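*Asks:* The structure is given below, and queries will be raised subsequently.
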Amino acid sequence: MTWASVVCYIVDSASGGRYEKMMTEFLNPKGGEPKGLMKSLSEAVLNKKENYIHFASLLYSAIGDFGYWALIFYLRSNDIGGLMLPLMVHSFWMGHFFIMGVNDLHYVAHTQISNNQKNHMFKYEILNNICMYIIEPMHGFLPLFWLDHHVKIHHKESNGPDDIQGVTFFERNFYNYICFVADIPLQWYVRGPLHHIRNGDKATAFHMVIAWCASLSVGISLTMWDVTTGVLLFWIPHLTRSLVFNSSNEYVQHALVDGRDGRPHDPANNSFLLLKAVPRFNYPRGIRSLPDNFEERWHAVHHAFPHKGMVGQAELAPKVKCNLVFDTDYISFKQAVMLRDTKKLAQWWCPGYDFGNDKYKVSQYAEADKKLDMKGREKLLESFFYPAYDLDDMGEWIYAPSFPFNMMELGPMQKHV
């Protein structure tokens, strides 16, 4: 049990359970429709009422972020609590607020890509900008990370050779994962802007450089003023986001690629659908009511319908025709992929899963995959960790890949069937 869980348990117990009930109504109201003040407030600021859960999560995260910064500044400037009290405050924030709002910031960026303001998350651009320029760096990202890195590069390039966040063109193994983690700072600070320059979008590249210069300036200034403040407010969140959160999720979300039909760029072949939500009992009370899919378990749906918000993706899952369906939750799936545990993956795999419609055809290989025994499934899933682009697709790149891929083990290529 984390420190945040202990604090929230005490608060909820002292309130006779009213705290968690109140937070459930706030973060994930029944039917998705808020009541009273939150209903009026959401109608005033949101373009679409279906985005209420994003608004509630972002509002709660913002309150926690600004409160955390203010409290750390107050404690350190007045030398209250020595090192222990700021660490306790930091531990609570990391266990409670740091895990909130991440996917919501992600969807703000996906709506922001539209030229039509009515498609943006908020009616007022100042609120969209607060999310991207202030809340994102307070949560450890670079400003505009989700828009300029994730949406404009990863979703545009769709795991192709020009996707600097892509993992499908080298073998997914532990050594390559370490190389991938080491490359994340280069992705964020160097390769992202260079990608946009090569594609003729110098404005976005310049924007990215200015944003990360400003962000780093804040971190350095905080550290020069007080090392503890800089470490707690900037460096720990930033390094955790980049080297732990971002690297592991980028790697896992496209680690399994079914390249048998020669279309590894198709979300149905390089993303997954998970039939179980992450168990909420390990989360602190008050945020155990986070809505279904806050962990992005319908990832193939997200790539096929990137503008669709967090809620309602389950209904779109059959339209993706994804054969990489697993009867597990994201945390368990992530652990198995990181460990390359094909035995567990084979046990969870549901090839040809029809979502209750026996007339639904997933892929040309689904029926044959269903007939495989466990050993056969393990062997097939093992091959899905191999690169899924053949020599013709990759051209000279495969013989002389750019840095950091020239440091990696490319591994055997998958074969088209």
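*Asks:* Any idea how many residues of the range 336-356 are on the phi > 0 side of the Ramachandran plot and at pLDDT below 95? If you could, list the steps in order and put the result at the bottom.
*Replies:* Step one: of the range 336-356, the residues on the phi > 0 side of the Ramachandran plot are 340, 352, 355-356.
Now restrict to residues that are at pLDDT below 95: 352, 355-356.
So the count comes out to 3.
*Asks:* Working only within the range 291-318, note down all residues that are basic (Lys, Arg) and either surrounded by 21 or more Cβ atoms within 10 Å (Cβ to Cβ) or under 21 Å from Arg260 (Cβ atoms) (or both). Show your work before the answer.
*Replies:* Of the residues in the range 291-318, the ones basic (Lys, Arg) are 297, 308.
Residue satisfying the conditions is Arg297 alone.
*Asks:* How many residues does the range 29-39 contain that are exposed (fewer than 14 other Cβ atoms within 10 Å of the Cβ) and either closer than 19 Å to His120 by Cα or out of contact with any Pro (no Cβ under 9 Å at 6 or more places or on another chain) (or both)? Explain how you work it out, then say what you get.
*Replies:* Of the range 29-39, the ones exposed (fewer than 14 other Cβ atoms within 10 Å of the Cβ) are 30-31, 33, 35-37.
From the residues that got through so far, the ones that are either closer than 19 Å to His120 by Cα or out of contact with any Pro (no Cβ under 9 Å at 6 or more places or on another chain) (or both) too are 30-31, 33, 36-37.
Adding up the residues that qualify gives 5.
*Asks:* Is it the case, given these coordinates, that Lys359 is among the basic types (Lys, Arg) and modelled with pLDDT of 95 or more? So that I can check it myself, show each step before the final result.
*Replies:* Working: among the basic types (Lys, Arg): yes; modelled with pLDDT of 95 or more: no.
Criteria not met by Lys359.
*Asks:* More than 14 Å from Pro185 (Cα to Cα) and either touching a Cys at 6+ places or on another chain (Cβ under 8 Å) or at pLDDT 95 or above (or both), is that true of Asp266?
*Replies:* On the way: more than 14 Å from Pro185 (Cα to Cα): yes; either touching a Cys at 6+ places or on another chain (Cβ under 8 Å) or at pLDDT 95 or above (or both): no.
Answer is no for this residue.
*Asks:* Okay, moving on. Would you mind stating whether Val209 is over 23 Å from Ser158 (Cβ atoms) and part of a helix (DSSP H, G or I)? Give the steps one after another, and end with the answer.
*Replies:* Working: over 23 Å from Ser158 (Cβ atoms): yes; part of a helix (DSSP H, G or I): yes.
It is true that Val209 is over 23 Å from Ser158 (Cβ atoms) and part of a helix (DSSP H, G or I).
*Asks:* Next question, about the same structure. State which residue is farthest from Val311 (Cα to Cα) when the search covers only the range 107-121 and only residues that are open to solvent by less than 10 Å² (accessible area, probe 1.4 Å) and in contact with a Leu (Cβ under 8 Å, 6 or more places away or on another chain).
*Replies:* Ala109
*Asks:* State whether the residues of the range 90-106 include one that is modelled with pLDDT of 95 or more, of a type in the set (Val, Ile, Thr) and either closer than 29 Å to Leu71 by Cβ or loosely packed, with under 14 Cβ neighbours inside 10 Å (or both).
*Replies:* no
*Asks:* Those residues that are surrounded by fewer than 19 Cβ atoms within 10 Å (Cβ to Cβ) and of a type in the set (Phe, Trp, Tyr), I need them from the range 58-89; list them, please.
*Replies:* Correct list: Phe66, Trp69, Phe73, Tyr74.
The values are calculated or read from the model by the stated rules, or taken from the named source; none is laboratory data. All values reported here derive from a predicted model rather than from experimental measurement. Note that each Cβ is placed from the backbone with ideal geometry, even for glycine, and that neighbours are counted across all protein chains shown. Protein only, heavy atoms only, side chains kept; ligands, DNA and RNA dropped before computing areas. Shrake-Rupley method; radii C 1.70, N 1.55, O 1.52, S 1.80 Å.
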